[in-house]
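Pasting a structure below so you can have a look.
The values are calculated or read from the model by the stated rules, or taken from the named source; none is laboratory data. Computed from a predicted model, the values in this text were never measured in an experiment. Ideal geometry is used to build each Cβ from the backbone, glycine not excepted, and the neighbour counts take in all protein chains shown. The area values use the complete protein model at the heavy-atom level, side chains included, leaving out ligands, DNA and RNA. Shrake-Rupley method; radii C 1.70, N 1.55, O 1.52, S 1.80 Å.
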Amino acid sequence: MSGLDRGALDGPGLDRPTPDRPGLDRPAPDRPGLDRRALAARIAQDIPEGAIVNLGIGAPTLIADALPAGLEIILHTENGMLGMGPAPEPGLVDPDLMNAGKQPVTELPGASYFHHADSFGMMRGGHLDICVLGAFQVSERGDLANWHTGAPGAIPAVGGAMDLAIGAKSVWVMTDLLTRDGGSKLVAACTYPLTGVACVSRVYTDRAVFDVTAAGLAVTEVFGDTTLDELRGLTGLELQDATGHDGEGHRGSDDTKGMRS
Amino acid sequence: MTNTFEVAVISKLRADASEAIADVGDGATVMIGGFGAAGQPVELIDALIAQGASDLTIVSNNAGNGDTGIAALITAGRVRRVVCSFPRQADSHAFDAAYRAGEVELELVPQGNLAERIRAAGAGIGAFFTPTGVGTTVAEGKEARTIDGRDYILEYPLRADVALISAYRADRWGNLVYRRTARNFGPLMAAAARTTVVQVDEVVELGALDPEAVVTPGIFVDRVVEVGERPWLRDGEFVGAPA
């Protein structure tokens, strides 16, 4: 989906590009861990063939580019389509065919269109397998805050985030572990207004992957030189070590193993 | 014996957008279809701006993009209140300015609740329990209930005096088909308003639309205006948007 202005509607918690932060592909030479594209590729490995998936807006849409060609994974976009394809060739933009981020997309064989009430019924009704959202904060019990900072003067915009958060069978978060100011986005309890309660099952960050469990957050995988102790220091949370076994059912590959420290 | 029905041919066709929206009054609640620009009834909104109705409540997913459509309506000072899910966008400067100046009120509704509230109005549902928003600020002041172990909040229907929507083709009975993701809120809003006005690329003969493929049956439509084919179509075939 190259050529899209992804920054224009970047998801909450996923930094908006500015002139000195040119966007999602920015290199992060000063930061350990995975950059956005590598993280998107890592998440893509966990999406099983046959899944119906919503990738929201902003950085999670990068996951679509990383899905292996030939696998039947059906993308849902909440503005009324299943079977969404990649961005069109230049000159073939159809203003009637957009994704939830209002970026031009294409239609794949098998696609269908429907109105908004059906589209959100697919979420609430439990028909959607996975959605991947951005975040301001995720709590130890899986509460999600990703729509509003509550800051004075901020214009709130929730879109479909609350519906997705409580609707999809599995709700994953894709985010940097730390804010621009170095604070942890994983917290004991969210301080920003909530999007959904106890709804997140897994958090993919640039430093590590976390599962939300009854006993709190469990680290299932670390990237680069990151260590458990470092993660505990950065988050201030008692993180369980679950790095000893494979994450649940991802399509393991040499690439994935290479990412483990 | 005279058959009085002989002359009562049903035609919802109107000569132009101005005629179709002429009776929208000050203070009206107006639903406007579209998700971003896709499905936004720009010609009807332009006519509404020219017509002059003010103090409007706008129900739409967004609060305008760029300087046209809903954004132009806001800039013209005609909007008192916006009910929507996603007002803040990269190019929502018209709404942002009016909101920060205190000229426009905002009721923020999660997108699925917005769609379902509109659907409920059109379907005669008195209210419904939804899990969306439970435990958030959206739930404040709302009746809550636990049903089969799941928590819900009560949401009420959203009705409108007028719905302005965009479809692809219509016949004179008001049967509609849409194009791709431009469908979005159209079918829901068509049923939820006292008067539904639709702009279409093309009006076709009665019988030309495949009855199996009609998305919005004409019972939900009051007025139809043909505005001509959009620049990215030619004789119904997609040719790409002009650069």
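Lys pairs in the protein assembly as shown, Cα-Cα under 29 Å, at least 8 apart or on separate chains: how many?
6
Within the set of other residues whose C-beta is less than 14 Å from the C-beta of A:Leu217, count the net charge using Lys and Arg as +1 and Asp and Glu as -1.
Spelling it out: positives minus negatives among the neighbours equals -1.
Please tell me the relative contact order of chain B in percent, rounded to the nearest whole number, where contacts are Cα pairs under 8 Å and at least six residues apart.
The value is 20 percent.
Within the P(r) computed for segment B:85-138, what percentage of the Cα pairs occupies the region above 12 Å?
72 percent
Considering only the other residues whose Cβ falls under 10 Å of the Cβ of A:Arg124, what net charge follows from Lys and Arg at +1 and Asp and Glu at -1? It would help to have the intermediate numbers written out before the result.
Details: positive: none; negative: A:Asp163, B:Glu116.
Summing Lys/Arg as +1 and Asp/Glu as -1 gives -2.
Below 11 angstrom from the Cβ of B:Ala163, what's the summed charge of the other residues (Lys, Arg +1; Asp, Glu -1)?
Once all neighbours under 11 Å are counted, the net charge is +1.
Where the centre of each part is set by its Cα atoms, how far does segment A:140-211 sit from segment A:41-108, in angstrom?
22 Å
Follow-up question, since we're still on this one. Test of understanding: in a Gaussian network model of chain B with alpha carbons linked when under 10 Å, which of B:Gln199, B:Gln40, B:Gln89 would top the mean-square fluctuation ranking?
B:Gln89
Sticking with this one: Of the DSSP beta bridges with both residues in chain B, give the percent that are antiparallel, rounding to the nearest 5. Please list the in-between numbers first.
Numbers: 13 of 43 bridges.
The antiparallel proportion sits near 30 percent.
With the radius of gyration and the Kirkwood radius both derived from the Cα set of segment B:146-200, what is their ratio Rg to Rh?
1.18
Let me know the volume per residue of the alpha-carbon convex hull for segment A:31-259, in Å³.
Working: hull volume 31.9 nm³, N = 229.
Taking the convex hull of the Cα positions in segment A:31-259, it is 139 Å³ per residue.
Hey, with R₀ at 30 Å, roughly what FRET efficiency would A:Lys169 and A:Glu89 work out to, going by the Cβ-Cβ distance, to 0.05? If you can, show how the numbers build up before the last one.
Details: r = 34 Å, r/R0 = 1.14.
So the FRET efficiency works out to roughly 0.30.
Considering Cα pairs under 8 angstrom that are at least six residues apart, work out the relative contact order of segment B:35-105 and quote it in whole percent.
It comes to 32 percent, rounded to a whole number.
Sum -39500 (n - 2.57) across every DSSP H segment of at least 4 residues in chain B, then divide by the residue count to get the 222 nm mean residue ellipticity, nearest 500.
Rounded to the nearest 500, it is -5500 deg cm²/dmol.
Using a Gaussian network model of chain B with C-alpha springs under 10 Å, which one of B:Ile32, B:Ile125, B:Ile49 is most mobile by mean-square fluctuation?
Of the options given, B:Ile125 has the highest mean-square fluctuation.
On to the next question. Roughly how compact is segment B:92-243, stated as its Cα Rg over 2.2 N^0.38 Å to two decimals?
1.28
Using a Förster distance of 45 Å, how high is the FRET efficiency between B:Ala90 and B:Arg150, based on the Cβ-Cβ distance and rounded to 0.05?
0.80
Let me know the Kirkwood hydrodynamic radius for segment A:50-136, please, with Cα pairs as the basis and the value in Å to one decimal.
The answer is 13.3 Å.
Please average, across the residues of A:107-116, the number of beta carbons from any other chain that are within 10 Å of each residue's own beta carbon, and give a whole number.
The shielding value for this peptide is 5.
What's the angle, to the nearest 10 degrees (0 to 90), between helix B:111-123's Cα axis and the longest principal axis of chain B?
Helix B:111-123 sits roughly 50 degrees off the main axis of chain B.
Please report, to one decimal in angstroms, the Kirkwood hydrodynamic radius of the protein assembly as shown built from all distinct Cα-Cα pairs.
Values: mean 1/r = 0.0421 Å⁻¹.
Result for the protein assembly as shown, one decimal place: 23.8 Å.
Determine the distance separating the Cα centre of segment B:179-243 from the Cα centre of segment B:77-96; give it in Å without decimals.
25 Å
How high is the relative contact order of segment A:31-259, in percent, counting Cα pairs under 8 Å that sit 6 or more residues apart?
19 percent
At a Förster radius of 60 Å, what calculated FRET efficiency corresponds to the Cβ-Cβ distance of B:Ala127 and A:Arg232, to the nearest 0.05?
0.80
Let me ask something else about it. For segment A:162-212, which trypsin sites (Lys or Arg not before Pro) are both in a DSSP coil and crowded by at most 15 other Cβ atoms within 10 Å?
Answer in residue order: A:Lys169, A:Arg180.
Another question about this same structure. On average, how much accessible surface per residue is there in segment A:47-110, in Å², for a 1.4 Å probe, leaving out ligands, DNA and RNA?
On the way: 2280 Å² over 64 residues.
Value for segment A:47-110: 36 Å² per residue.
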